[in-house]
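Structure first, then comments.
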Amino acid sequence: YEDLKEDIVEIHDQLLQTLDQHTNWNGRQLVKYDGFWLPVLYFRPILSTQKYFRAKDNDIILATVPKSGTTWLKALTFSIVNRDVYTIDQSPLLTCNPHTLVPLLELDLYFHQENPNFQHISNPRIFSTHIPFKILPDSIRDSECKIIYICRNPLDQFISFRHFSLENNFEKDAVPLELDEAFDMFCQGIHSMGPFWDHMLGFWNAHLKNPEKVLFLKYEDLKVDIEFSVKKIAEFLGCAFSVEEEKQGLIEQIAKLCSFESLKNLEVNKTGHVHGAVKNSSFFRKGEVGGWTNYLTPAMVERFRKVLASKLDGSGLIF
Ligand code: A3P
């Protein structure tokens with residue numbers, strides 16, 4: 001174990017000396033690794049995940065840019081996969097934040113160690129990650145494990161992240177940049193796990209290449225028809241709902257249990273913290289589509305649209 005640790009610390013330290021760095025608008029330091037801006041705080045854990053995590057064929061990996069619907073996807077996937085284990089009224093979601101039930105590889109598992117203990121994780125194992133597709137451990141790409149990616153209109157993701165970061169006051173000594181300066185960085189792709197277009201395109205192209213391996217979801221589609229999405233996730237994972245389950249209303253019940261209103265109002269999500277210091281309540285702000293219109297000027301939106309159009313051009317991915 002000590003050898004593993006020394007090995008990764010050495011690689012990490014050498015990389016940090018050579019790679020480009022930039023301070024994010026919230027004061028967090030970012031490092032550019034393999035084309036992506038990663039928070040320096042998570043850089044070593046990301047390298048550890050990349051080097052040491054071994055996916056099993058029946059693992060399920062939930063991948064996102066932060067603030068794109070991770071919490072929702074965790075709740076849904078956990079409920080779909082474990083529907084034979086727990087009835088709805090006994091669901092662990094009623095007493096645990098979704099982030100406690102589905103660990104984030106680079107934060108909950110590899111943050112402090114190179115060989116985390118997986119024994120307490122039930123089968124099939126469900127993990128989440130913010131790591132871009134090309135930086136994922138080889139075993140996630142090469143094994144039979146399934147990847148579900150959810151993305152969101154980047155403008156809503158940007159606003160959501162801004163609130164989340166300010167509310168949790170990640171860098172206590174830093175004075176955050178104003179919204180317009182933060183947005184300028186965002187449009188240049190300089191943000192946590194950015195550029196957002198490359199993050200999305202990595203998983204989008206992997207989905208096009210192998211749709212059985214990578215399911216590509218959009219937050220907005222889940223908002224329009226959550227029951228359709230619940231069915232789609234179950235089919236993708238090879239555990240489609242039976243006619244009997246459909247008749248019993250299980251799909252609606254899971255959709256309702258995992259809804260914004262239901263999770264937000266649970267006592268467990270109104271209090272307490274995850275990942276050390278992140279407020280459970282900060283994962284449930286508004287849960288709406290298009291809230292960015294209240295914050296961004298027409299000029300900002302116009303600039304963003306041009307950036308998005310040029311970056312996604314020809315990919316088939318649209319917003
Ligand atoms: P807003 O800040 O726009 O409200 P993540 O889970 O990736 O951290 O993303 C958080 C965003 O998803 C927040 O968006 C949050 O309110 C929203 N969200 C959390 N749980 C949700 C749910 N069950 N249904 C819909 N949106 C949800």
Going by what's in this entry, would PHE260 be described as touching a Phe, Trp or Tyr at 6+ places or on another chain (Cβ under 7 Å) and aromatic (Phe, Trp, Tyr)? yes
Does VAL243 count as closer than 26 Å to LEU107 by Cβ, more than 16 Å from the ligand (Cβ to nearest atom) and modelled with pLDDT of 95 or more? no
Scan the range 265-278 for residues that are without any contact (Cβ under 8 Å) to a residue 40 or more places away in the chain and more than 18 Å from the chain's Cα centre (by Cα) and jot them down. ASN265, GLU267, LYS270, THR271
By residue number, the members of the range 1-31 that are hydroxyl-bearing (Ser, Thr, Tyr) and within 30 Å of GLU181 (Cα to Cα) are THR18, THR23
Filter the range 216-243 down to residues that are surrounded by fewer than 19 Cβ atoms within 10 Å (Cβ to Cβ), among the aliphatic types (A, V, I, L, M) and touching a residue at least 24 places away in the same chain (Cβ under 8 Å), then give me how many there are. 1
Tally the residues that are more than 11 Å from the ligand (Cβ to nearest atom) and either aliphatic (A, V, I, L, M) or crowded, with 24+ Cβ neighbours inside 10 Å (or both), restricting the search to the range 80-101. 6
Hits in the range 256-280 - residues which are part of a helix (DSSP H, G or I) and near the ligand (Cβ under 10 Å from one of its atoms): LEU257, PHE260, GLU261, SER262, LEU263, LYS264, ASN269
Does the range 162-169 contain any residue that is closer than 16 Å to TYR52 by Cα, out of contact with any helix residue (DSSP H, G or I) (no Cβ under 7 Å at 6 or more places or on another chain) and either crowded, with 22+ Cβ neighbours inside 10 Å or among the aromatic types (Phe, Trp, Tyr) (or both)? no
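The values are calculated or read from the model by the stated rules, or taken from the named source; none is laboratory data. Since this is a predicted model, take the numbers as computed values, not measurements. Please note: Cβ atoms are built from the backbone with ideal geometry, for glycine as well, and neighbour counts cover all protein chains shown.
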